[in-house]
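Have a look at the structure below, then the notes.
The values are calculated or read from the model by the stated rules, or taken from the named source; none is laboratory data. Just so you know, these numbers come straight off a predicted model, no measurement behind them. All Cβ positions, even for glycine, are placed from backbone atoms using ideal geometry, and neighbour counts span all protein chains on display.
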Amino acid sequence: MGRKYRTESNIRSNLYVVGIAESGAGKNHSRVVINELFRKAHLLQYLGGNKIASGSGLLMAIQRQPATLFQLDEFGMFLSAAADRKRSPRYVCEILDLMTELYTTAGTTYFGVEYASTQHNNAHRAIHQPCACIYGTTTPLHFWQALQASNVADGSLARFLILESEEDFPDSNASFGVIEPPQDLIERLMLIHQGGGRLHGNLADVGAIDEVQVEPRVVPTTAKARETFRELDQALVERLRTSRGTGYSSILARIEENATKLALIRAVSRDPEDPQIEDHDAHWGIMLSRHCAELTIREASARVSENQVESHHKRAMQILRDAGMAGMSKSDFTRRTQFMDHRQRDGVLRTLAEAGLIDTITLQSKGRPAQWIKVL
């Protein structure tokens, strides 16, 4: 849909999605399905590389095919390197910067980077309406530990729809193996590729050449759907005012934009030839966008830290929360927190107790008294 459809407010279909599940949960399956689906529909030109080595590499891929899906495995490890500006090379950190810029320039022209070079350099070549889509998969530990508080504040995290599995190890599927996409799904993809049947020949595959001006189709929004988005906007403005200073305003500010993108994708998927964003599209997009935003805020509050001290506090609290209302013995807590020495551990427990977050009680027994820790 990239560069072929847009909303009345010039919102495009470029999405950044992160799928989170434990190792061994089957995260690779979704990427394999997408690869097979695009192969059978003869649309492999839309798939980018499985790894991005540098910012200039990402830029060259977008120049080659402005509407590209990058499917990145071990996204948490990649993010850990790209977000660490103190230790990672500049060319790796540039990837996250470019992702942040490309997300907001899908409806205009991106002019790239200026380099000091005497040779001809394509880095500054204009890219008309780039539509870079990202689907990364990772484990919860790698993803949340890779993030820093600055990623929450600067809006780079807010651009991602975070989808975390609620059941990491479901019942086995006995019919897995060969992937055979339904023919009607392949035909629908081809129809979207052709702009609803209005693009034919090699014009459907145009790259970022200056001679071709991209004019996407406008997908109208019904009056009822427009009113639904207006109510969302009013609710978000009120919430943004009350959340000022919390550091999560960037995530809240992206809910409406992501909801509009999701509604556009749903409407075009349903009817590529004569699409229209209806009220149920708007409600579905808002529901999913809000779900992802609330998950991101909740998990970032519990896991993302400014420094090592705060990281120890949050990891300790997460361990105690996982123990449930019953709590856990101090000896169990010590075994689970061996990433801290005894001074750090005692300091963390003292701070959490003084903050009123936990309670430590002593249980008398036949042997030595045992200490028990509970989350309040």
Considering only residues that are closer than 30 Å to Ala153 by Cα and among the hydroxyl-bearing types (Ser, Thr, Tyr), look in region 306-346 and name the one that is surrounded by the fewest Cβ atoms within 10 Å (Cβ to Cβ). Ser311
Filter pass, Leu349 being modelled with pLDDT of 90 or more, farther than 26 Å from Arg254 by Cβ and either buried (at least 18 other Cβ atoms within 10 Å of the Cβ) or of a type outside the set (Gly, Ala, Ser) (or both): yes
Selection from region 247-287 of residues that are within 20 Å of Gly196 (Cβ to Cβ), among the basic types (Lys, Arg) and either under 21 Å from the mean Cα position of the chain (by Cα) or buried (at least 20 other Cβ atoms within 10 Å of the Cβ) (or both): Lys261, Arg266
Region 112-162, subset of a type in the set (Val, Ile, Thr), modelled with pLDDT of 80 or more and under 18 Å from Ser80 (Cβ atoms), residue farthest from the chain's Cα centre (by Cα): Thr139
Can you name the number of the only condition in (1) buried (at least 17 other Cβ atoms within 10 Å of the Cβ); (2) touching a helix residue (DSSP H, G or I) at 6+ places or on another chain (Cβ under 9 Å) that Phe176 fails? (1)
Out of curiosity, is Arg12 more than 26 Å from Thr108 (Cα to Cα) and either in a helix (DSSP H, G or I) or among the charged types (D, E, K, R) (or both)? no
If you check Thr109, Thr105, which single one turns out to be at pLDDT below 90 and closer than 29 Å to Asn35 by Cα? Thr109
Residue hits (region 290-327; touching a Pro at 6+ places or on another chain (Cβ under 9 Å) and at pLDDT 85 or above) are Glu299
Exactly one of Leu79, Leu37, Leu44, Leu58 is in contact with a helix residue (DSSP H, G or I) (Cβ under 6 Å, 6 or more places away or on another chain), over 21 Å from Gly112 (Cβ atoms) and surrounded by 15 or more Cβ atoms within 10 Å (Cβ to Cβ), and that one is Leu79
Taking only pairs six or more apart or across chains, which ones have beta-carbon atoms under 9 Å, a first residue in region 68-96 that is on the phi > 0 side of the Ramachandran plot, and a second residue that is in a helix (DSSP H, G or I) and surrounded by fewer than 20 Cβ atoms within 10 Å (Cβ to Cβ)? Glu74/His142
Tell me, please, whether a residue that is in the same structural domain as Thr68 (by TED's automatic domain parsing), modelled with pLDDT under 95 and among the charged types (D, E, K, R) can be found in region 251-259. no
Selection status of Ile373, farther than 30 Å from Leu161 by Cβ and surrounded by 13 or more Cβ atoms within 10 Å (Cβ to Cβ): yes
If Arg290 meets every condition in (1) within 30 Å of Val18 (Cα to Cα); (2) surrounded by 14 or more Cβ atoms within 10 Å (Cβ to Cβ); (3) in contact with a strand residue (DSSP E or B) (Cβ under 6 Å, 6 or more places away or on another chain) apart from one, which number is that one? (3)
